[in-house]
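Down below is the structure, laid out as structure tokens.
The values are calculated or read from the model by the stated rules, or taken from the named source; none is laboratory data. Predicted model only: the values in this text are computed from it and were never measured. Every residue, glycine among them, receives a Cβ derived from its backbone with ideal geometry; neighbour counts consider all protein chains shown.
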Amino acid sequence: MEIIIQSTYKQLATIASEIIRDALLKKPDLVLGLATGSTPIGLYKALVRMYKEDGLDFSSVTTFNLDEYVGIPCEHPQSYHTFMANHFFDHVNISMKNRHIPQNTAENHEAFCAAYEEAIARAGGIDIQVLGIGTDGHIGFNEVGSSLASRTRIVTLTESTLVANASHFEGDMSAVPEIAITMGIGTIMEAKQCLLLANGTSKSEAIAKAVEGPITSMVPASILQMHPNTVTIIDESAASDLKEVEYYKRSYANKLKLQSQ
Ligand code: F6R
């Protein structure tokens with residue numbers, strides 16, 4: 001796993017956006033896996049800027065979001081449909097037909113989940129999957145104990161996730177939907193590249209466990225150690241519990257040095 005440590009949140013968002021931009025310039029019909037939450041907001045902002053100021057073209061891009069709450073309508077201000085519209089989709093030229101977010105209103109969830117997997121496969125698989133990380137180490141809504149081979153499915157959120165997400169529901173934990181649809185860990189692991197983003201001290205323990213701890217379903221993000229192409233981009237605070245910080249910094253500096261030769 002490549003670990004890139006940056007001083008600021010803005011820098012980590014910039015690096016993530018540059019990885020996506022470079023991939024998009026090479027492959028205009030890029031398939032992106034997208035996350036919601038506070039972590040990727042800076043990344044979306046940087047991509048929107050590239051679209052508006054540099055003419056980066058998203059017209060052939062296809063997207064698949066990781067997850068969505070069940071039990072609130074798509075139009076709900078805290079739904080992930082609304083989040084994606086506000087932070088990204090309303091500001092770039094990704095065609096409506098190419099945007100996919102798990103349907104929280106599907107009548108048959110099982111059939112929906114199977115169809116979501118099929119749609120990802122039909123699109124040729126995900127080229128770059130953007131991931132945040134929960135304080136308990138979850139990725140998507142794959143909570144502790146999720147099968148490391150799981151596929152898109154219905155899940156119940158843990159108390160720690162309900163508490164973390166209550167801030168988006170005026171601090172009212174009882175207003176956070178307890179049930180969600182998430183891409184599975186097996187689904188995420190099939191992405192050709194994963195970008196794991198984290199900032200702030202609240203994520204430092206989860207990052208240390210995910211990057212340097214044992215691979216276990218109790219820290220779902222730890223499975224990324226088995227992914228052949230995961231780039232973890234974090235700020236100094238999120239890196240503060242890592243043992244090998246100096247080594248990661250030296251490795252990245254050497255990579256940049258080689259690239260500039
Ligand atoms: C959201 C998602 C979650 C978040 C995680 C971190 O689509 O997949 O795994 O990435 O809960 O959330 P933030 O970024 O709000 O700390």
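For segment 44-69, residues that are acidic (Asp, Glu), over 19 Å from Asn98 (Cβ atoms) and touching a helix residue (DSSP H, G or I) at 6+ places or on another chain (Cβ under 9 Å) total 1. Among the residues of segment 70-117, those identified as within 21 Å of Tyr51 (Cβ to Cβ) and not in a helix (DSSP H, G or I) are Phe88, Val92, Asn93, Ile94, Ser95, Arg99, His100, Ile101. Within this structure, Lys257 fails the test of being surrounded by 18 or more Cβ atoms within 10 Å (Cβ to Cβ) and among the basic types (Lys, Arg). Would you be able to say whether some residue in segment 23-32 is within 17 Å of the chain's Cα centre (by Cα) and either under 16 Å from Asp235 (Cβ atoms) or polar (S, T, N, Q) (or both)? Scanning segment 23-32, I find no residue that is within 17 Å of the chain's Cα centre (by Cα) and either under 16 Å from Asp235 (Cβ atoms) or polar (S, T, N, Q) (or both), so the answer is no.
Could you please let me know if Ile120 is assigned to a helix (DSSP H, G or I) and within 14 Å of the chain's Cα centre (by Cα)? So Ile120 fails the test. Would you check if Ala221 is at pLDDT below 95, closer than 22 Å to Val130 by Cβ and hydrophobic (A, V, I, L, M, F, W, C)? It is false that Ala221 is at pLDDT below 95, closer than 22 Å to Val130 by Cβ and hydrophobic (A, V, I, L, M, F, W, C).
Ala121 falls short on exactly one of the conditions (1) free of Cβ contacts under 8 Å to residues at least 12 places away in the same chain; (2) within 11 Å of Ile185 (Cα to Cα); (3) not basic (Lys, Arg), and that condition is (2).
Taken as a whole, the condition of being within 19 Å of the chain's Cα centre (by Cα) and aromatic (Phe, Trp, Tyr) applies to Phe141. Selection within segment 165-183: residues that are buried (at least 16 other Cβ atoms within 10 Å of the Cβ) and of a type in the set (A, V, I, L, M, F, W, C). The member of this set that is nearest to His109 (Cα to Cα) is Ile181.
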